[in-house]
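Student: Below is a structure I'd like to ask you about.
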Amino acid sequence: MTETQVKVIAGLDSIGGNIVVLEKDNYQIVTDFGIIRGTTDSEALDLAMTSDLVDRKGLPQLDGLYPQKQLKAKTVEAYETSQKQTIICISHLHLDHIGALLHLAPQIPVYTSQESYDFYQALAQTGFLPDYQVNWQGVAYDEVLEHGPFKIQFKASDHDTKGIAAIFIESPDLKVIHSGDFRYSGFHPEKVFAWGQAARQFEADLALLEGTTFSFLPDPNQAPVPLEPWQEKIKVIESKTELSLLKNISQLLEANPQASVVFNGYEQNLERLLYLSQVLSQLGRQLALDEKYYQLALSFAKIYGLKYDNICLADLPLIKKKPQNYVLNLTYDHYQDMFELPAGLYLHSNGYPLGPYMPAYQPFVLDLQAHNWQMYQMGSSGHAYPQDLLNQAYLVNAKVTVPWHSSQPDLYAQGLSSQGLKVWRPIPYQTYSASQIKALKEDA
């Protein structure tokens with residue numbers, strides 16, 4: 001019997017594109033399968049690019065994943081000729097975790113939580129995510145999924161999308177945890193704490209833990225970059241949690257009862273949107289959505305038992321007459337519709353474009369300002385704050401912890417080490433056996 005082998009493909013020094021592979025006796029688990037840094041969104045949706053992406057490691061260089069017809073070179077073995085029995089496990093529905101699924105052989109099972117599976121169907125049907133023609137399989141939280149020698153469980157978590165899960169994987173000689181993305185500042189911190197407690201009892205040999213927010217900690221050796229004039233005009237209202245965000249929006253609207261108000265949030269964070277609609281009902285306003293997003297919100301609310309009595313279809317002429325009665329939800333693709341209304345307050349709440357590092361952001365802000373709209377930057381992170389990350393890692397207490405999903409992994413690693421944890425920085429594409437991983441703890 002061979003040992004379990006672990007290979008990290010990507011995501012060790014970047015936000016997103018996190019992919020790790022576990023293999024034993026020709027059974028292979030790959031989790032997640034998102035867009036790797038350096039691959040564009042258009043390439044991820046182009047089957048003609050499969051072979052080129054594999055060659056340059058824009059897709060995982062792994063046997064048994066891709067159809068023969070999509071492979072020009074022999075960098076990897078095609079699905080049809082490979083002896084590997086492969087499954088994909090998906091932690092959640094963000095593109096940096098699912099965005100490369102189109103390239104897979106359609107026969108390969110793609111497992112995710114049942115909650116995530118249900119949400120994906122609604123997102124794909126309404127055009128908010130690509131309709132990936134893969135072999136989707138929903139799994140109930142805590143149900144044991146078996147794949148050869150492996151046992152897999154999806155543990156409920158919290159993020160800014162529904163269905164997020166931490167993934168526990170066990171073989172006869174190794175226990176691994178993939179944290180997925182998570183936070184304690186959302187609507188369900190109890191879920192994150194629960195899987196952390198389960199992880200401690202699981203006694204993982206290896207935990208791969210996301211560290212997104214360490215990417216944005218300032219470098220103490222560098223002076224802050226001064227804001228440009230257009231940035232100084234943006235009013236920033238900090239919200240540490242989803243609940244404080246709702247409170248801050250309520251207070252802002254109470255102070256501006258007659259103003260036109262436009263909201264742009266992250267499209268998958270429908271929980272925030274529906275809770276916001278209930279806050280607005282106390283202020284005498286309705287949340288107005290375009291038809292596609294209205295249908296998605298209705299579907300989401302019915303699936304998850306949330307109230308939807310204060311959302312309505314957007315009617316711009318009606319809103320223009322009585323802007324004080326509405327908050328208009330607009331995505332970036334339709335943001336210029338707000339210019340038909342009297343200039344007012346624009347609430348940028350983790351919607352696209354996210355910030356100055358995106359090329360579309362500055363022209364977008366300048367356009368708002370040219371039309372006399374006051375922009376408020378007011379969101380709440382989908383990721384755990386640095387101290388929460390360290391606390392969760394300490395709770396998990398894996399024998400070895402890998403910091404990933406961060407552009408400052410060294411800083412994250414220092415924090416983990418300060419907790420007394422054994423930190424490991426694997427090399428991409430290098431294969432490690434279960435005994436090698438276990439020996440790391442002994443070397444501490």
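Student: Rounded to the nearest 20 debye, what is the charge dipole size of segment 229-377 about its Cα centre when +1 sits on each Lys and Arg Cβ and -1 on each Asp and Glu Cβ?
Tutor: Using Cβ point charges on Lys, Arg, Asp and Glu, segment 229-377 gives about 340 debye.
Student: Separate question: Mind listing the long-range amide H neighbours of residue 175? Cut-off is under 5 Å, sequence gap 5 or more, other chains count too, H placed in the peptide plane at 1.01 Å from N.
Tutor: 205, 206
Student: What Kirkwood hydrodynamic radius do you get for segment 229-377 when you take the inverse of the mean 1/r over all pairs of distinct Cα atoms, in Å?
Tutor: 15.5
Student: Hey, in the GNM for the chain with a 10 angstrom Cα cutoff, which one of 23, 232, 170 fluctuates hardest?
Tutor: Highest fluctuation among the options: 232.
Student: Which log10 I(q)/I(0) values does the chain give at q = 0.08, 0.10, 0.11, 0.13 Å⁻¹ under the Debye formula, counting every alpha carbon as one identical point scatterer?
Tutor: -0.48, -0.75, -0.90, -1.20
Student: Next question. Residues of segment 312-348 with the amide nitrogen closer than 12 Å to a label point 7 Å from the Cα of residue 258, along Cα-to-Cβ, please.
Tutor: It comes to 323-324, nothing else.
Student: Name the residue from 99, 161, 21 whose Cα lies farthest towards the positive end of the charge dipole of the chain, charges +1 on Cβ of Lys and Arg and -1 on Cβ of Asp and Glu.
Tutor: Comparing the listed Cα positions along the dipole, 161 ranks first.
Student: Determine the gain in length on full extension of the stretch residue 438-residue 325; use 0.36 nm per residue of separation and subtract their C-alpha separation, reporting nm with one decimal.
Tutor: Residue separation times 0.36 nm, minus the Cα-Cα distance, leaves 34.5 nm.
Student: Rg and Dmax in Å for segment 397-444, alpha carbons only: what are they?
Tutor: Cα-based Rg and Dmax for segment 397-444 come out at 11.0, 29 Å.
Student: Okay, next question. Where Rh is the Kirkwood radius over the Cα pairs of segment 76-204, the temperature 25 °C and the viscosity 0.890 mPa s, what D in µm²/s does Stokes-Einstein return?
Tutor: The estimated diffusion coefficient comes to 159 µm²/s.
Student: Over 31 Å between C-alpha atoms is what I'm after, so list which of 57/233; 247/292; 7/302; 162/321; 151/191; 302/322 land there.
Tutor: The pairs that break the limit, which is 31 Å between Cα atoms, are 57/233; 7/302; 162/321.
Student: Hey, in the GNM for the chain with a 10 angstrom Cα cutoff, which one of 196, 38, 64 fluctuates hardest?
Tutor: Per the Cα network of the chain with a 10 Å cutoff, 38 tops the list.
Student: If eta is 1.306 mPa s and T is 10 °C, what Stokes-Einstein diffusion coefficient results for segment 155-302, Kirkwood Rh from Cα pairs, in µm²/s?
Tutor: 85
Student: Related question: May I have the pair-distance distribution P(r) for segment 96-144, computed from all Cα-Cα distances with 10 Å bins from 0 and rounded to whole percent?
Tutor: Cα pair-distance distribution for segment 96-144, in percent: 26, 57, 18, 0.
Student: Run lengths n ≥ 4 of DSSP H only: what is the helix-derived mean residue ellipticity at 222 nm for the chain, with -39500 (n - 2.57) per run over all residues, to the nearest 500?
Tutor: -8500 deg cm²/dmol
Student: Would you please calculate the Kirkwood hydrodynamic radius of segment 317-428 over all C-alpha pairs and express it in Å, rounded to one decimal?
Tutor: After inverting the mean inverse Cα-Cα distance, the result is 17.6 Å.
Since every read-out is calculated from the coordinates, none of them should be taken as a lab result. Small disclaimer: the values here were computed from a predicted structure and weren't measured. Virtual Cβ from ideal backbone geometry, glycine too; neighbours counted across all protein chains shown.
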